[in-house]
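Here the structure is laid out as structure tokens; the discussion comes afterwards.
Each reported figure results from applying straightforward, stated rules to the coordinates on display, with no laboratory input. Since the model is a prediction, treat every value here as computed from it, not as a measurement. Here the Cβ positions follow ideal geometry from the backbone for every residue, glycine too, while neighbour counts run over all protein chains shown.
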Amino acid sequence: MQYDVIVVGGSYAGMAASLQLLRARRKVLIIDAGLRRNRFVSHSYGFLGNDGADPARIASEARRQLEAYPTYAHVEALAETANGRSDAFTVVTSDGASYDGRRLLFATGVSDALPEIDGLAERWGRSVFLCPYCHGYELNRGRVGVIATGPMSAHQAQLLTEWGEVTFFTNGALTLDEPGRADLVSRGVSIETTPVARLAGHADVELVDGRRLSFAGLFTGSRTAPSTPIAQALGCAIEDTLFGTQIRTDAMKETTVAGAFACGDAARVPHSVSLAVGDGAWAGAQLHRSLVFPPSSQRG
């Protein structure tokens with residue numbers, strides 16, 4: 001059979017888009033490998049109506065609601081390739097199955113390339129975080145460490161003074177100019193230029209000179225990229241952002257390949273569950289419009 005829309009990636013953005021399409025009685029297939037980006041965290045904060053909820057529960061409840069619609073289908077698999085054109089796309093999964101759809105939506109999420117610091121990866125999402133709006137409040141204005149990964153890290157340190165007493169570890173990732181240093185100091189930020197050797201304990205930073213500093217939580221930046229190259233292989237343009245790369249889309253969430261759309265973390269910055277859901281809902285509505293109106297009038 002041919003689906004109206006095949007959604008590659010079934011996390012928050014992909015499901016939010018699917019909901020709009022299902023409510024328009026369109027046939028939707030979600031292909032999802034089950035690897036949510038926030039699978040490492042036990043609580044999701046800042047999402048209205050689900051503040052502090054287990055993100056796995058949010059996802060499972062959303063899927064349960066989608067399953068109530070008779071035009072919904074779900075395949076647990078990794079989408080490996082996509083080819084074709086608008087009204088005639090084919091997606092092939094890792095088990096060799098193929099699925100046909102009139103439109104594609106890439107909601108693949110992103111992968112995080114973390115700083116190569118011993119002990120950081122196993123603390124990611126537990127005591128080392130990216131987003132202060134998602135995890136800053138629970139630190140109760142305790143001591144906060146920011147480990148630099150590039151020029152944007154100074155902005156992260158500035159912002160985090162809203163959530164606690166900040167120590168900024170430059171860690172060889174950037175050299176502060178005098179105005180930048182003065183701004184951080186004026187905000188009460190302690191600047192530590194000694195390189196980080198490893199992380200230990202809950203959120204302890206061990207420096208190469210042997211000192212060990214303890215914090216309520218740590219923040220750092222990751223470099224992100226779409227979690228699979230499937231969109232790029234189809235011919236969709238990829239663009240640089242301050243945080244990595246993403247799939248390029250227009251205001252209607254369509255990629256540079258006609259009939260192929262993208263949403264969520266893979267196609268916008270910054271990232272959060274709330275923003276992914278909103279972006280997905282918008283993409284779903286625009287996908288529906290593309291099925292209703294001919295291309296010449298879609299943006300009317």
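Sorting Leu176, Leu21 from the fewest to the most surrounding beta carbons within 10 angstrom yields Leu176, Leu21. Considering only the other residues whose Cβ falls under 14 Å of the Cβ of Leu29, what net charge follows from Lys and Arg at +1 and Asp and Glu at -1? Result for the neighbourhood of Leu29: 0.
Near Gln246, once Lys and Arg are set to +1 and Asp and Glu to -1 for all other residues with Cβ below 10 Å from its Cβ, the sum equals -1.
Rounded to the nearest 5, the antiparallel percentage of DSSP beta bridges internal to the chain is 45%.
Here the extension length gained between Val292 and Arg23 equals 95.4 nm, from 0.36 nm per residue of separation less the Cα-Cα distance.
Taken along the Cα-to-beta-carbon direction at a fixed 7 Å, the label points for Glu178 and Asp209 span 2.3 nm. Can you list which of the GluC sites (Glu not before Pro) found in segment 1-83 are DSSP loop residues with at most 15 other C-beta atoms within 10 Å? Those that pass, being in a loop and sparsely packed, are Glu67. Other residues within the sphere of radius under 13 Å centred on the Cβ of Ala237, judged by their own Cβ, net out at -3 (K and R +1, D and E -1).
The ellipsoid that matches the Cα gyration tensor of segment 152-290 has semi-axes, each √(5λ) in whole angstrom, of 39, 16, 15, with the longest given first.
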